[in-house]
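Contents: one structure, followed by commentary.
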Amino acid sequence: MAKPEYYYGVHSVESLLELEPERVLTLFALKGREDQRLQRIFELAEPFGVSIQKASRDTLEKLAGLPYHQGVVAAVRPHPTLNEKDLEDLLTVSKQPLLLALDQITDPHNLGACIRTAAAMGVEAVIVPRDRSASLTPTARKVAAGGAEKVKFIQVTNLARTLGQIKEQFNVQVVGTMLDEQALPIHQFDFTGAAVCVVMGAEDTGLRPITQAQCDQKVYIPMAGNLQSLNVSVATGMALYEACRQRNH
């Protein structure tokens with residue numbers, strides 16, 4: 001049996017029990033904590049016979065790897081890693097999906113925040129390169145606050161090549177966010193009526209040239225004053241909101 005993963009935080013564990021309870025092996029809860037949030041988690045776990053063990057704060061901190069566990073940690077059966085084939089399967093079934101690609105986002109907090117926003121905006125999959133990118137660590141899952149269980153997380157060998165393939169095979173429009181002479185204000189781009197992949201780059205370096213080359217259109221978020229950039233998770237939220245706003249209309 002594969003080594004279990006550990007999820008922590010109320011939102012993350014609660015979402016897991018709602019969507020994939022069969023993966024939960026054991027719950028570890030802080031001794032003496034009996035509030036409504038934990039009772040809700042216990043109620044979700046009960047029908048599936050999930051073992052609940054009371055644990056000290058030190059034990060939970062060791063399992064989570066951080067002190068910010070909110071009094072609950074779940075030992076979880078690992079989820080299979082999704083790859084290019086899973087992305088192809090998704091695009092075969094879903095004809096006009098909204099996708100998010102993250103180019104070398106290495107901070108798990110930023111990754112988790114992007115996934116949380118993606119889930120809220122109806123994104124079907126978040127695509128990242130397998131190397132030089134944050135993965136779905138327990139920290140990323142906690143920051144995602146349940147979003148990681150609602151959005152497919154797909155790791156690909158070569159992001160630029162994957163973007164080229166989904167353009168050619170599935171007519172996905174690839175939209176890169178960056179400051180560029182050819183970039184449109186984001187509200188002027190038409191996000192409706194097609195499969196769209198919004199591509200976000202790292203805050204300090206932006207999109208790599210090889211990734212830029214695969215973009216059908218470049219867009220930017222107009223800002224007041226002398227600001228030139230935003231935290232990637234904030235910019236992702238703004239970009240996805242505009243895409244979602246247009247597509248819902």
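All of G201, G237 fail the test of being more than 18 Å from M121 (Cβ to Cβ), surrounded by 14 or more Cβ atoms within 10 Å (Cβ to Cβ) and among the small types (G, A, S), apart from G201. Between A118, A113, the distinction of being buried (at least 24 other Cβ atoms within 10 Å of the Cβ), in the same structural domain as K167 (by the TED database), touching a helix residue (DSSP H, G or I) at 6+ places or on another chain (Cβ under 8 Å) and within 30 Å of N171 (Cα to Cα) belongs to A118 only.
Scanning the stretch 182-198 for residues that are surrounded by fewer than 18 Cβ atoms within 10 Å (Cβ to Cβ) and over 10 Å from V219 (Cα atoms) yields a count of 4. Since I154 meets every condition but one in (1) within 25 Å of K95 (Cα to Cα); (2) in a helix (DSSP H, G or I), which condition does it not meet? Failed condition: (2). Of all residues in the stretch 143-163, those satisfying the criterion of being at negative phi and open to solvent by 20 Å² or more (accessible area, probe 1.4 Å) are V143, E149, K150, K152, F153, Q155, T157, N158, R161. If you go through the stretch 2-61 and keep only what is open to solvent by less than 50 Å² (accessible area, probe 1.4 Å), part of a helix (DSSP H, G or I) and of a type outside the set (A, V, I, L, M, F, W, C), you end up with S12, E14, S15, P21, R23. Pairs linking a residue in the stretch 64-75 that is without any contact (Cβ under 8 Å) to a residue 24 or more places away in the chain and assigned to a loop (DSSP other than H, G, I, E, B) to a residue that is among the aliphatic types (A, V, I, L, M) and surrounded by 18 or more Cβ atoms within 10 Å (Cβ to Cβ), with Cβ atoms under 9 Å and 6 or more positions apart or on different chains, are P67/L60. Listed by first and then second residue, the pairs linking a residue in the stretch 32-58 that is over 17 Å from A75 (Cβ atoms) to a residue that is of a type in the set (V, I, T) and assigned to a helix (DSSP H, G or I), with Cβ atoms under 9 Å apart and 6 or more places separating them unless they lie on different chains, are R37/V10; R40/V10. In the stretch 8-34, the qualifying residues are those that are farther than 23 Å from T139 by Cβ and more than 24 Å from the chain's Cα centre (by Cα), and the one that is modelled with the lowest pLDDT is E34. Considering (1) open to solvent by less than 60 Å² (accessible area, probe 1.4 Å); (2) outside any strand (DSSP E or B); (3) touching a strand residue (DSSP E or B) at 6+ places or on another chain (Cβ under 8 Å), the lone condition that T106 does not fulfil carries the number (1).
Conditions (1) within 21 Å of the chain's Cα centre (by Cα); (2) of a type in the set (V, I, T); (3) open to solvent by less than 20 Å² (accessible area, probe 1.4 Å); (4) on the phi > 0 side of the Ramachandran plot, marked per residue:
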residue: E168; (1), (2), (3), (4): no, no, no, no
residue: T205; (1), (2), (3), (4): yes, yes, no, no
residue: Q217; (1), (2), (3), (4): no, no, no, no
residue: L230; (1), (2), (3), (4): yes, no, no, no
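Screening A125 with (1) open to solvent by less than 10 Å² (accessible area, probe 1.4 Å); (2) touching a Cys at 6+ places or on another chain (Cβ under 6 Å) gives one miss only, at (2).
Of the residues V128, V123, V143, the single one that is within 12 Å of the chain's Cα centre (by Cα) and in a loop (DSSP other than H, G, I, E, B) is V123. Scan the stretch 62-91 residue by residue and report those that are under 28 Å from R208 (Cα atoms), open to solvent by 60 Å² or more (accessible area, probe 1.4 Å) and not charged (D, E, K, R). Matches in the stretch 62-91: T81 only.
The values are calculated or read from the model by the stated rules, or taken from the named source; none is laboratory data. Because the structure is predicted, anything quoted here is derived from the model rather than measured. Cβ: placed from backbone, ideal geometry, glycine included. Neighbour counts: every protein chain shown. SASA here: full protein model, heavy atoms, side chains in, ligands and nucleic acids out. Shrake-Rupley method; radii C 1.70, N 1.55, O 1.52, S 1.80 Å.
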